[in-house]
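The block underneath contains the structure these notes are about, expressed in structure tokens.
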Amino acid sequence: MLTLDKFYIDGAWVDPASDTTMPIMNPATASQIGTVTLGNATDVDHAVAAAKRAFETFSMTSREERLALLHKLRDATKARLGYLAEAMTSEMGAPATMSLEVQADAGLGHLDYFIKALESLEEEEVLPNGDIVTREPIGVCGLITPWNWPINQIALKVVPALATGATCILKPSEHTPISAQIYAEIVEAAGYPAGVFNLVQGDGPTVGAAMSRHPDIAMMSFTGSTRAGTAVSKDAADDIKRVTLELGGKSPNLVFADADLPKRIPESVQGCFYNTGQSCNAPTRLLVERSCYDDVLTLAKAAAEAQEVGDPTLPGDHIGPLFDKIQYDRVQTMIQVGLDEGAKVLVGGLGKPEGLEDGYYVKPTIFYDVDSTMRIYREEIFGPVLVITPFDTEEEAVAMANDTDYGLAAYVQSGDEARVSRVVRRLRAGTIQINGRGPDYGSPFGGYKQSGNGREGGSFGLEDYLEIKVRPPFAL
């Protein structure tokens, strides 16, 4: 049984002020695998004080010094990739192959492009009027990350803080504390000065709120639900903090009849089910041109029936369990809602797959003939549940795609380049994937509307951690 009862503050592993604990659960077996201590406002105070002291000197470091540390961070991350993957498999159920090749690899992929971004960053430039603009680190940053992509989101927040010369306090999801602790050990191994990076485990209402309200934190970066992001914004408002949010989604996937259906439909179904549907940018609304609707249903049914569900400790391209009982119950409730609303079930439905009764496994499910007024069409389910709805015209497809409170991602499948260009121009979403290909590491990630604000990744991901200072040239 693992016990996480230390926080990383001011360059040392210290005893928390709090003695509140919660179990760490394995979602594949519904069994306890450890215990984590949850912090309180006093722990946040200690971490912020350390980060504030460290900022005085770390903010003055040169680009070359910070690049050298980032390369050491890369070496340390690469050495611990296997441990990160094992942690995420055990604490949130990511299958072993995906956990190593995608979940853990994100810690390297994002880091590599932040290094490139820092190398090309103009820290000082002369404006056409002769004035000089300087880009400087914003200050102490509070970083709150989710359980569904633990290291991906930690890297997208911690690395730009370290790259720009800011200091930070990381509050990972209390449900995935193991991978976060390993990442803190990685930062420690890279040799960052005391106080530059700090880790406080805890929940949102306690530690997250204390960070958002803290007067010495200059910026909050949050990834999670729209509801929780609203709370962070309100808590941060009194101090006029900068707040960046990466929130929920209900991403449309537009399929036109001229697409390569035998290839694109299985990809679309697998994309929805990937990570057991627990991705904010998952293509969960399949909007299909009516002339190919029946063909798409046939292909989607076959793809869903071929989707294996199984033990996440085993290698392969199967999907694992949902990450906890609360999420399992929520997905089951939404499947029942779909049934009650009159949506037709193409495959899947209520209950667990045969032979997987112990963990929080669910049946990959597809509803079809789904009306745009139905809750399963409009609400984020966060499980392997796909809804399919027909459209008649390009105009109608775009209107249906944009008929959502969210705007994180959208997907377009078509063999007509001119049509794709027209449609993409009109979609209100921050990331567009076309014919199975999406943006890569180094590109900005974020959304419109209630999917948040700000962008993460690459050069755009550095901007939120920088302040702008302007001055005239020296003259007597």
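The values are calculated or read from the model by the stated rules, or taken from the named source; none is laboratory data. Since the structure is predicted, the reported quantities are computational estimates derived from the model, not experimental observations. With ideal geometry, Cβ positions are generated from the backbone for all residues, glycine too; neighbour counts draw on all protein chains shown.
Among residues of the stretch 244-269 that are under 20 Å from Gly383 (Cβ atoms), those with a beta-carbon under 6 Å from a residue that is basic (Lys, Arg) at least six positions away or on a different chain give the pairs Pro252/Arg285.
One line per residue, one yes/no per condition, for (1) at pLDDT below 95; (2) at positive phi; (3) out of contact with any Asp or Glu (no Cβ under 6 Å at 6 or more places or on another chain):
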position	(1), (2), (3)
Thr393	no, no, yes
Glu396	no, no, yes
Asp405	no, no, yes
Ala410	no, no, yes
Val424	no, no, yes
Phe445	no, no, no
Gly458	no, yes, yes
Asp464	no, no, yes
Leu476	yes, no, yes
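Is one or more of the residues making up the stretch 358-366 out of contact with any Gly (no Cβ under 8 Å at 6 or more places or on another chain) and under 23 Å from Thr276 (Cα atoms)? Yes, that holds for at least one residue. Take Ser99 and decide whether it is in a helix (DSSP H, G or I), of a type outside the set (Lys, Arg), in the same structural domain as Arg227 (by TED's automatic domain parsing) and under 16 Å from the mean Cα position of the chain (by Cα). Against the criterion (in a helix (DSSP H, G or I), of a type outside the set (Lys, Arg), in the same structural domain as Arg227 (by TED's automatic domain parsing) and under 16 Å from the mean Cα position of the chain (by Cα)), Ser99 qualifies.
Scanning the stretch 125-147 for residues that are under 20 Å from Ile169 (Cα atoms) and not acidic (Asp, Glu) yields a total of 11.
For beta carbons closer than 9 Å, sequence separation of 6+ or different chains, a first residue in the stretch 178-191 that is outside the structural domain of Thr37 (by TED's automatic domain parsing) and closer than 25 Å to Ala68 by Cβ and a second that is modelled with pLDDT of 95 or more and assigned to a helix (DSSP H, G or I), there are no qualifying pairs.
Being crowded, with 23+ Cβ neighbours inside 10 Å, outside the structural domain of Gly224 (by TED's automatic domain parsing) and touching a Pro at 6+ places or on another chain (Cβ under 9 Å) is a description that applies to Gly320.
Within the stretch 228-262, restricting attention to residues that are among the aliphatic types (A, V, I, L, M), in a loop (DSSP other than H, G, I, E, B) and over 20 Å from the mean Cα position of the chain (by Cα), the residue that is nearest to Tyr465 (Cα to Cα) is Ile240.
Number of residues in the stretch 165-217 that are within 22 Å of Thr61 (Cα to Cα) and among the acidic types (Asp, Glu): the value is 2.
Scanning the stretch 174-227 for residues being closer than 24 Å to Ile138 by Cα and in a loop (DSSP other than H, G, I, E, B) gives a total of 14.
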